[in-house]
Amino acid sequence: MATNPKVTDWTKDKYNYTRLRGWVRRGLANDQLAKNMHITRSTFYKWKAENSDFSDILKEDRDYCDDVIENALYEQAKEGNIAAIKFYLTNRRRKDWRDKQDVEVSGEIGIAAEVIRQARERKERMENEP
């Protein structure tokens, strides 16, 4: 590869295009992709922002991988895998199945309550002093 790689070296050259897609489908992070392409992170993100062909390669292949994983998870859930069912429901039906619960707390708690009580007492004493 030339000493000054260009985005077209990866979007138009069939060999490099195939390598890039393979790396993306293997789940490599952007930093690792840049390293494999022998470019800096800033160059990678610049190409991603400015070149739709390049960003489309990344998006389409990551979407493909996400679809494969989602389908595998769905199949596991259909077969009764409890962990897969729980994961699927907590992510797809968040409103009904999320782990986090909203709890409303009212009143004063612990040390803060004591500090507030003492401040109120001081305020009352100051207001009642001549």
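Couple of notes before you dig in:
- In the stretch 1-24, of all residues being modelled with pLDDT of 95 or more and polar (S, T, N, Q), the one that is farthest from Lys46 (Cα to Cα) corresponds to Thr18.
- Subset of the stretch 45-77 that is loosely packed, with under 12 Cβ neighbours inside 10 Å and of a type outside the set (Asp, Glu) - its residue that is nearest to Leu33 (Cα to Cα): Ala49
- Residue within the stretch 66-73 that is more than 30 Å from Trp10 (Cβ to Cβ) and either out of contact with any Leu (no Cβ under 8 Å at 6 or more places or on another chain) or in a helix (DSSP H, G or I) (or both) present: yes
- Sole exception among (1) part of a helix (DSSP H, G or I); (2) over 23 Å from Trp10 (Cα atoms) for Asp61, by number: (2)
- Conditions (1) more than 21 Å from the chain's Cα centre (by Cα); (2) farther than 18 Å from Lys6 by Cα; (3) surrounded by 11 or more Cβ atoms within 10 Å (Cβ to Cβ); number of the one not met by Gly80: (3)
- Each residue in the stretch 13-39 was checked for being touching a Pro at 6+ places or on another chain (Cβ under 8 Å), assigned to a loop (DSSP other than H, G, I, E, B) and surrounded by 13 or more Cβ atoms within 10 Å (Cβ to Cβ), and 1 pass.
- Considering the stretch 68-102, and only residues there that are among the acidic types (Asp, Glu) and touching a helix residue (DSSP H, G or I) at 6+ places or on another chain (Cβ under 8 Å), the residue that is farthest from Val24 (Cα to Cα) turns out to be Asp96.
The values are calculated or read from the model by the stated rules, or taken from the named source; none is laboratory data. Just so you know, these numbers come straight off a predicted model, no measurement behind them. Every residue, glycine as well, gets a Cβ built from its backbone with ideal geometry; the counts of neighbours run over all protein chains shown.
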